[in-house]
Every structure is written in structure tokens, then in C-alpha cells.
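Enquirer: Just dropping this structure here.
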Amino acid sequence: MKLIMNDPLFEYDIRGLLMAFYPWQDFNTDPDAEDAEGLYITYENEKSCLIRFETADLIKERRVFLDPERTEAKNQVKRALYHILSEANQDKILPWGSLTGIRPVKLPMADIQEGKSREEALRHLKTDYLVTEDKAELAVSIAERELKLLKKVDTEKGYSLYIGIPFCPTTCLYCSFTSYPLKKYQDRVGEYLDALEKELLWTAEQFKDKRLDTVYFGGGTPTTLEADELRRLCGFIMEHFDVSHLLEWTVEGGRPDSITEEKLKALREFPVSRLSVNPQTMHQKTLDLIGRRHTVEDVRKAYEMARKAGFSVINMDLIVGLPGEDEKDVEATMDEIVRLRPENVTIHSLAIKRAARLNLEKSIYRDMRIQNSDDVMEMCRKKLEGIGLYPYYLYRQKNMAGNQENVGYAKEGTEGIYNILIMEEVESILACGAGATSKRVRHDSSLITRAENVKNVDIYMENIDQMIERKNKLFFEDR
Ligand code: SF4
């Protein structure tokens, strides 16, 4: 499909919306390309924009008179484009309307904080962004819940610590994270931890006057580390950071095939309070297809081991829209998960990321069902509410199956606070490890800035001083 613009104004958002209607399409910006379908955006002058969408058998056109305020002008263009694309696709409705951002809950949060009523927050989503009634209700209720939970965090005085372990047993089909097969680095894990400790030490010293609120081990798969390596890393944190105010310490077990009794025992020697054991699906044929290389039985065993080890908050991640799965498959997975009774469940809609094998090899999977819908998400919600789990955070990604969302559910009092902090961007996050991104939240100006560590493990280890310098610049350049 052609995408021709005479000015790149709002291009990022326009592409996002186009991708939401045409998830598998490539967009061609060559005006002489031979594609029958094309979107043409012409800014005629500062005040007017013509949107034209053409296929072999239809032409749709709208002129937008642009508001002088940039955000409103962008929303006008997106709304007009949404209507055109919806009409061109048999009145197709996207659940999140013209919203293309990944943090839709920020809108109702800001409205509520400004003193607007629940009805006004709902109306804002439905009228200005064409969000459906159900999704608007979901976003507002999550905003209300998050605001309540955030009351226990002093986000100005505190910070959170993210530690990335970029190794996994194998690479999943849909993976877009910083992850390398453990085999490749097995002999260099100690060296990686040396570099990580250097970065952590700098962080501990620079932030010793701030309160450490949450710690999160992500990746990758942190439990690819051996028990002694986990002990070494957790022990280093205990030795150098003040954990007396810690609200939560999460470790992503992630891949059940990386979890052992010995590793769980090692983690329990420290105040690790929340563990993820992520099945993604409880269907073996799908696990095999997506390259997880573990069994459904491994999930059950890892979960039981975690319970036995004494973890009282266990999260399980699931993905809806995996290739070849339909609603019945998802329902069967949900029934199994509900039987296990975890305290937290995160429902992801499959996102087809550019660098993931699923996208790079898309010709293989194009004919397989990759689907999600309001009905499936609703079924998941009902099953989880049946065991007392309620939605407490939400985010979206580009190219998500069915244009849905990722939702974290939790039993009251077990919510993952780090998840809210990172999604709503209300507290600074110090991130250490290959591929980790630190975020500085300035409470005086609401400005959010970031510093990224390199993803490549070798380059990260060789250039650890540079990673520290990036963080130093991010947090202290204006000191
Ligand atoms: S477990 Fe997660 S990080 Fe590791 S390969 Fe799979 S999707 Fe990527």
C-alpha cells in the first residue's frame, strides 16, 4: 500500500493508525509505485489538510480544517483518517478508536487528577479518541485503581531499580526483547555479572539519599542464572542498597524450563516477593510452534515448586492471538490457569514486532489464524474476576492482534507496583544491564527523559563505563 505525504507532520501517528487497520501490510512511500491501494495526505496550507484513500474500487476523501493547537490538530487528522479507513473496511471498529499511543490510561488519570468527573473522563476517551464504551470504562476504572495504589508510593522521593538479564533458553517466535540464547554466553555469565555490579554500585552510591521502592529482575529470563549466580546478584543488592522501604521485589522466572527448586530456594533467601512463571499458552502444539521448547507439564511443575518454596504472589503471563489458536484454545488455557489460582495474571494480545521472527518470517504464518477480539478479552476478564482478580494496569503496543491491549490482573493487595510505575511514568527508573532503559521523571516539569544501554552483551560488557556515563548525564547533567 502506498503512503504518500507532502509533509511528515504527524506521520508516526498516521502510520500507527494505518497499521492498526492493515496489520500485515508494508507501506510504500514511492509515489510511482504500482500499488492499487494508497493513502495520500496533503497539507494544503497551515490550516487545511486533505486526506484521500484509494483502492481499486473506491475513493474516500475528507478535508480537515486544522486547529491552531498542535495536539488537537493531530487528533483531528487521526479522527478523520479513522472514519475513512473504517468506512473503507465495512465500518470496521477499532476498540481503541484513533488512539495509537501505548499508555491510554494516562488520559483518564490526568482527567481525574485535574478534578474532572468519571463521566467527563469517559466522554473524553469516547468523543475525542473514538474509544468504544467498554474500553473507555476499562481505562477509567484502571486509572481509578492505579491512583489509589499510587498513594502508598512517594514517587518524588523514591526510585525503582530494573535489572536486565538478557539470556533465555531459546528465542521465542514473537520475541522483541533483549535476549540471547544462554548457550552462547554460558561461559561469560560471571563476566556479565561483573559489569552489572559495576553499574549497580554506581547507582547505589548516586541514589543513596533516595528511597528504593521496587526492584524488578527482567530480561530475558533472570532464572537462566544458576542458583549461586542469583545469590551473588541478590546478595550484592542487599549489601549495597537500602532495602528497608522496599514495597516489592519481582523476579521474572519467565520460562518455566529455567526454574529449579535450588534457584527458588536461593531467591527465597532474599526479600523477593513476587515471581513470574509464564506459560503464554497451555497448548503443547502452540508452545512447540512458538519455539518455547518446554512442556505444559513444565509450567505446572514450576508453579507448584514456586508455591512450595513459599512465594505468595505468583504472576502468570498469557498471550492471546498466538498463531493457530482460537477462542476455544484460549478458554482452555484460561481454565487451567484459573485452576492454579495465581495472584496475578497478565493477558497480552500478541504484538507482531518488526524484529521478531514472527514478522521476519511472516510469509510462513500469514495463513495461520492470529486473532483476538473483544469477546475473547471479555471471556478472560470474566474468568479472572471469577477468582477475584481485577484489572489494575494496561498498555498497548503497535500491531497487536485484534487491536486489543495488555492487561494486568491482580487480587487486591498483590498488584505489581513496578508495572504501574513504569506504565504511568510517575517515578524514575534506574535500569542496569544490556538493553535496559533508564527513565528520569522530573516532577517539577513532568519532563520524561531516557538513557538506553546497548543491547549487545559484548559491547555492554566492554563499554560499561560508557553505560554509567549515559546514566550520569541523564540524571545529573543539570546538577
Ligand atoms: S522468554 Fe521472553 S525474552 Fe526470552 S526469548 Fe521468549 S519472549 Fe524473548
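Enquirer: In the range 322-366, which residues are in a strand (DSSP E or B) and within 22 Å of Arg274 (Cβ to Cβ)?
Expert: Of everything in the range 322-366, those that are in a strand (DSSP E or B) and within 22 Å of Arg274 (Cβ to Cβ) turn out to be Asn344, Val345, Thr346, Ile347, His348.
Enquirer: Look at the range 186-219 and say how many of its residues are touching a helix residue (DSSP H, G or I) at 6+ places or on another chain (Cβ under 9 Å), assigned to a helix (DSSP H, G or I) and of a type in the set (S, T, N, Q).
Expert: The total comes to 2.
Enquirer: Please determine, by comparing only the residues of the range 247-267 that are over 24 Å from Val296 (Cα atoms) and under 23 Å from the mean Cα position of the chain (by Cα), which one is farthest from the ligand (Cβ to nearest atom).
Expert: Leu247
Enquirer: Would the range 220-229 turn up any residue that is under 19 Å from Leu201 (Cβ atoms), of a type outside the set (Asp, Glu) and not in a helix (DSSP H, G or I)?
Expert: Yes, the conditions are met somewhere in the range 220-229.
Enquirer: Tell me yes or no: at least one residue of the range 381-395 is under 30 Å from Ile459 (Cβ atoms) and either assigned by TED's automatic domain parsing to the domain that holds Ile337 or touching a Leu at 6+ places or on another chain (Cβ under 6 Å) (or both).
Expert: yes
Enquirer: Would you confirm whether any residue within the range 296-316 is surrounded by 15 or more Cβ atoms within 10 Å (Cβ to Cβ), within 16 Å of the ligand (Cβ to nearest atom) and in contact (Cβ under 8 Å) with a residue 60 or more places away in the chain?
Expert: Scanning the range 296-316 turns up at least one residue that is surrounded by 15 or more Cβ atoms within 10 Å (Cβ to Cβ), within 16 Å of the ligand (Cβ to nearest atom) and in contact (Cβ under 8 Å) with a residue 60 or more places away in the chain.
Enquirer: Next question, about the same structure. Quick check on my filter: what residues within the range 42-91 are touching a Ser or Thr at 6+ places or on another chain (Cβ under 9 Å) and loosely packed, with under 12 Cβ neighbours inside 10 Å?
Expert: Correct list: Phe65 only.
Enquirer: Next question. Can you give me the number of residues within the range 124-177 that are of a type outside the set (Asp, Glu) and within 20 Å of Glu424 (Cα to Cα)?
Expert: Within the range 124-177, residues that are of a type outside the set (Asp, Glu) and within 20 Å of Glu424 (Cα to Cα) number 28.
Enquirer: Now for a separate question. Taking the condition of being among the small types (Gly, Ala, Ser), away from the ligand (no atom under 16 Å from the Cβ) and in contact (Cβ under 8 Å) with a residue 40 or more places away in the chain, how many residues in the range 186-240 meet it?
Expert: Looking only at that region, the number is 1.
Enquirer: Tell me, which residue of the range 143-174 that is of a type in the set (A, V, I, L, M, F, W, C) and farther than 30 Å from Phe475 by Cα is farthest from the ligand (Cβ to nearest atom)?
Expert: The qualifying residue farthest from the ligand (Cβ to nearest atom) is Leu173.
Enquirer: Could you please find all residues in the range 249-282 being on the phi > 0 side of the Ramachandran plot and either modelled with pLDDT of 95 or more or among the aliphatic types (A, V, I, L, M) (or both)?
Expert: Residue satisfying the conditions is Gln280 alone.
The values are calculated or read from the model by the stated rules, or taken from the named source; none is laboratory data. On a predicted model such as this, the values are computed, not experimentally measured, just so you know. No Cβ is skipped: glycine too gets one built from the backbone with ideal geometry, and neighbour counts run over all protein chains shown.
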